[in-house]
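Single-structure report; data block below.
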Amino acid sequence: MTTPSNLPLEGVRVLDLSRLMAGNMLTLQLADFGAEVIKIESSAGDTLRDWKNDGKSLWWKVYGRNKKSVCLDLKSDTDRQKLLALLPEADVVVESFRTGGMEKFGLGPAELHRVNPKLVIVRISGWGQTGPYSARPGFGTLVEAFSGFAEKNGFPDKPPALPNLGLADMIAGLSGAFATLVALREVEVNGGDGQVIDLSLLEPMLGILGPDAAIFQHTGSKPKRLGNRAENAAPRNAYRCLDGQWLVMSGSTQKMAERILAAVGSRDLVDDPRFATNSARIANVEALDDLIARFVGQRSLADNLAHFDKHDVTVGPMLGVDGLMKDPHVQQREVLVEVPDDELGSIVMHNVFPRLSRTPGRIRANGPRIGEHQDLLEGKGD
């Protein structure tokens, strides 16, 4: 582990009352760059601790990294006063209770701002703090379905497909980290009071799905499930190699598409009216994919990669986590890093991102034990 120095968010204190994924991703980004993130947990701990693999809380060790843990029971008058006592030195409060949950504890924004007017308060919920669905529970799975993502995801002859990861939560967490820094910057520049960030899982999810609403408005067309193809460019697909491995290819520009056609055939294919333009390639995508699939299927993955590399084509292997961990680019660039762990010996996790040239973030500690930093309540913590 490295000791913190020159981290850009040093001096920012965050009280994280959230649970599970969105809040932990949000505060992870801040903690990685030096913010002091204090997890306020019940004695049972953040629910993420219960997501175990072979009995090990690996999710928590990764997404709880660089954070501190304090146990408080918000149903207790005494513990609520202890939380309020932390507010004057805090800059940010993050919570993910069901809408109105903080108010039930007597800890709504008005009360928090009474104690510290400059607080930035991030309220994470499935549907937002307002609107007819605001009181509904809102896990990311529901949002991934509601947003239209699932309907457009998967293969055309299969049912809609939900992601097998917390996509909406993770996107909201990244969006929330950005919003938090915007709000902190506003306090810093204008010297005014803090504000409330209403962070729903729904809206950041919609923001990444493309202009589907505009397309429907002006064309009446809804997104279709295309499998590994793309709606706006061809070729774009995954192709099975001779050795059973998969090659991924994308020809999103005219020049790249022409290179692909030349690499799998000849200049005649480039001039073929079926493939001469992007619109023509989309209209004839079945024939185009068949042609590429036949070529790729006659060679191993390694041979395909070597061949297309000579033609400067955008291709790559479809990797599992085992292949990713062995990949020389991942290793040399330290996309994944192995860090010491008191319980496990070591643990591999994603590195800090994005990369800053002068004040990069650092992994300083893995997810803490429940209540490991309880002395912060007595002002003894550092």
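Between the amide H of ALA35 and those of LEU9, distances stay under 5 Å, these residues lying 5 or more places away or on another chain, with hydrogens modeled in the peptide plane.
Taking 22 Å as R0, compute the FRET efficiency from the Cβ-Cβ separation of LYS104 and TRP51 and round it to 0.05. Computed FRET efficiency for LYS104 and TRP51: 0.25. Equivalent ellipsoid of the stretch 145-212: semi-axes from √(5λ) of the C-alpha gyration tensor, largest first, are 34, 10, 8 Å.
Highest mean first, the peptides 186-199, 86-99, 256-269 sorted by other C-beta atoms within 10 Å per residue fall in the order 86-99, 256-269, 186-199. Between rounded, prolate and oblate, where does the chain land on the alpha carbon gyration tensor, with a ≥ b ≥ c its root eigenvalues, rounded for a/c under 1.5, else prolate if a/b exceeds b/c? It comes out prolate by the Cα gyration axes.
The orientation-averaged projected area of the convex hull spanned by the Cα atoms of the stretch 331-382 comes to 5.3 nm². Counted over the stretch 261-382 with a bin width of 10 Å, the fraction of Cα pairs per bin, in whole percents, is 10, 24, 21, 17, 14, 8, 6, 1. Sorted on the mean count of surrounding Cβ atoms within 10 Å across their residues, most packed first, peptides 154-166, 36-48 read 36-48, 154-166. Using just its DSSP H runs of length 4 or more, each adding -39500 (n - 2.57), the chain gives a mean residue ellipticity at 222 nm of -10500 deg cm²/dmol after division by all residues. Across q = 0.24, 0.26 Å⁻¹, the stretch 236-322 modelled as identical point scatterers on its alpha-carbon atoms has Debye log10 I(q)/I(0) values of -1.23, -1.41, in the order of the q list.
Across every direction, the projection of the convex hull enclosing the Cα atoms of the stretch 122-172 has a mean area of 4.0 nm². Exceedance of the 22 Å cut-off in Cα-Cα distance is limited, within the set LYS61/LYS82; LYS39/LYS61; LYS158/LYS222, to LYS61/LYS82.
Legend: P(r) of the stretch 1-155 from all alpha carbon pair distances, 5 Å bins from 0, whole percents, reading 2, 8, 16, 19, 19, 16, 11, 6, 3, 1, 0. Only the Cβ atoms of Lys and Arg (+1) and of Asp and Glu (-1) were treated as charged; on that basis the dipole of the stretch 236-322 about its Cα centre amounts to roughly 120 debye. In this simple spin-label model, placing a label point 7 Å from the Cα along the Cα-to-Cβ direction at both ALA262 and HIS329 gives a separation of 2.2 nm. On the beta carbon distance between SER252 and LEU209, with R0 = 25 Å, the FRET formula returns roughly 0.90. Each Cα pair under 8 Å and six or more residues apart adds its sequence gap; the mean of these over the residue count of the stretch 236-322 is a relative contact order of 43 percent. With the charge dipole of the chain set up from +1 on Lys and Arg Cβ and -1 on Asp and Glu Cβ about the Cα centre, the Cα lying farthest toward the positive end among the listed residues PRO340, MET102, HIS350 is that of HIS350. Normalised by the number of residues in the stretch 1-130, the mean separation of alpha-carbon contacts (under 8 Å, six or more apart) gives a relative contact order of 26 percent.
Only the Cβ atoms of Lys and Arg (+1) and of Asp and Glu (-1) were treated as charged; on that basis the dipole of the stretch 297-350 about its Cα centre amounts to roughly 440 debye.
By the gyration tensor of its Cα atoms, with a ≥ b ≥ c the square roots of the eigenvalues, what is the shape of the stretch 74-119: rounded for a/c under 1.5, prolate for a/b over b/c, or oblate? Here the stretch 74-119 falls in the oblate category.
The charge dipole of the chain, taken about the Cα centre with unit charges on the Cβ atoms of Lys, Arg (+1) and Asp, Glu (-1), comes to about 500 debye, rounded to the nearest 20. Of the residues THR253, ALA276, GLY210, the one whose Cα sits farthest toward the positive end of the charge dipole of the stretch 205-306, with +1 on the Cβ of Lys and Arg and -1 on the Cβ of Asp and Glu, is GLY210. Principal-axis analysis of the Cα atoms of the chain puts helix 20-32 at an angle of about 80° to the longest axis.
Each semi-axis of the equivalent ellipsoid for the stretch 192-239 is √(5λ) with λ an eigenvalue of the Cα gyration tensor; in descending order they amount to 33, 16, 9 Å. Between ARG369 and ALA145, the simple label model (points 7 Å from Cα in the Cβ direction) yields a spacing of 4.1 nm.
Could you bin all the Cα-Cα distances of the stretch 186-309 into 10 Å bins starting at 0 and give me the percent of pairs in each, rounded to whole numbers? Going from the shortest bin to the longest, the percentages are 11, 31, 24, 15, 10, 8, 2.
DSSP bridge analysis restricted to the chain gives an antiparallel fraction near 40%, rounded to the nearest 5.
Only the coordinates and a few stated rules stand behind these numbers; no lab work does. Quantities reported herein were computed from a predicted structural model and do not represent experimental measurements. Don't worry about glycine lacking a Cβ; one is built from the backbone with ideal geometry, like all the others, and counts go over all protein chains shown.
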